[in-house]
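Encoded as structure tokens, the structure appears first; notes follow it.
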């Protein structure tokens with residue numbers, strides 16, 4: 001549970017986002033226009049067309065292996081690196097093998113060179129077999145081997161902490177040259193929504209950014225506004241998660257609904273998803289609390305996954321799932337049906353090629369088991385999904401789930 005300061009900051013930044021006119025650094029629209037008429041509705045279910053298989057792993061529950069709440073789930077070559085909540089009294093990073101057996105820890109909290117004060121964000125450099133730990137408090141990137149050896153650190157003047165109205169970084173990806181791609185990921189990070197490559201020497205480049213001061217349409221300080229009217233409703237928007245085996249990242253930029261292909265040296269606009277409703281100007285410029293759920297949520301994807309062959313998206317404005325095929329630039333739409341497969345928490349996943357690796361929260365496991373035990377349960381889940389939830393109902397550690405999608409031919 002985040003404390004009231006973070007709630008206020010999130011509320012403040014959300015308000016700032018809605019006040020943002022978003023006029024800065026918008027590239028000419030020479031992209032493919034994907035309209036409602038261009039959406040392709042396939043016969044059969046999402047599972048029939050795209051899902052190859054899913055499986056799960058129950059992690060060790062020995063004393064040394066226990067993590068509790070998982071904030072980050074990383075995967076590479078049969079190893080699972082799990083980070084606990086960074087705000088917990090004793091944040092931990094633990095490594096498990098392909099069978100869920102505990103192997104070792106990655107560093108621990110402290111002020112020594114090989115320690116971190118706050119493991120805010122984790123990333124894997126799969127080409128170097130390194131775990132990168134971004135320490136917000138010390139403004140350094142710590143590097144460890146998969147077996148926990150400390151390899152060094154890279155200082156950066158970039159502060160991803162609470163300063164100038166910003167809180168945290170919401171998406172992160174290691175590049176093979178040793179750079180770290182970081183994004184002011186969620187909508188809470190506006191008015192400066194951007195992606196930066198932090199080089200090994202600490203220098204930064206910003207290939208894609210969108211900066212517009214909120215005070216263009218606001219004559220009050222946001223903190224004073226929050227103190228006066230109270231917290232605004234919050235929207236838990238999902239950040240970009242991208243295939244960690246590739247240096248190329250596909251970004252869906254908020255507000256202009258364009259898909260960009262980004263590398264450390266270039267950025268290219270590929271498609272404009274014009275079928276997504278635009279946020280009304282009155283919401284951007286005047287901020288009306290009553291409009292937020294209807295107008296704001298209808299325009300922002302609540303899940304967005306950049307896989308090797310696809311972009312996978314869902315939106316709050318309908319009960320549909322979307323798959324954008326990179327090879328063909330075609331967009332497919334399906335009626336959402338999550339009762340027949342296990343879906344990990346899409347706020348903490350790793351995308352490895354066309355596989356999504358994540359965990360199912362303990363809260364969800366408890367809730368669904370309570371539903372299935374109830375006398376009015378209507379068996380809305382398929383038998384294999386029911387069996388999964390019943391088997392993991394007493395687990396104390398996170399349960400790893402892997403969703404394998406079909407590769408494009």
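Quick note: the coordinates plus some simple rules give every number you see, no bench work behind them. These numbers were taken from a predicted model, which means no experiment stands behind them. Virtual Cβ from ideal backbone geometry, glycine too; neighbours counted across all protein chains shown.
How do 402, 336, 128 line up, fewest other C-beta atoms within 10 Å first?
Listing 402, 336, 128 from fewest to most nearby Cβ atoms yields 336, 128, 402.
Based on the mean of other Cβ atoms within 10 Å per residue, sort peptides 36-47, 380-391 so the most packed one is first.
380-391, 36-47
Say each of residue 47 and residue 384 gets a label point 7 Å from the Cα, pointing the same way as Cα to Cβ; how far apart are those two points in nm?
0.7 nm
Where does each of 268-275, 360-367 land if you order them by average Cβ count within 10 Å, highest first?
Peptide ranking by packing, descending: 268-275, 360-367.
Would you list 321, 85 from fewest to most Cβ contacts within 10 Å?
Result, fewest neighbours first: 85, 321.
Could you rank the peptides 73-80, 120-127, 56-63 by their average count of other C-beta atoms within 10 Å per residue, with the highest value first?
Top of the packing list down: 120-127, 73-80, 56-63.
Would you mind calculating the relative contact order of the range 335-409 from Cα pairs under 8 angstrom and at least 6 residues apart, reporting the percent as a whole number?
This gives 43 percent for the range 335-409.
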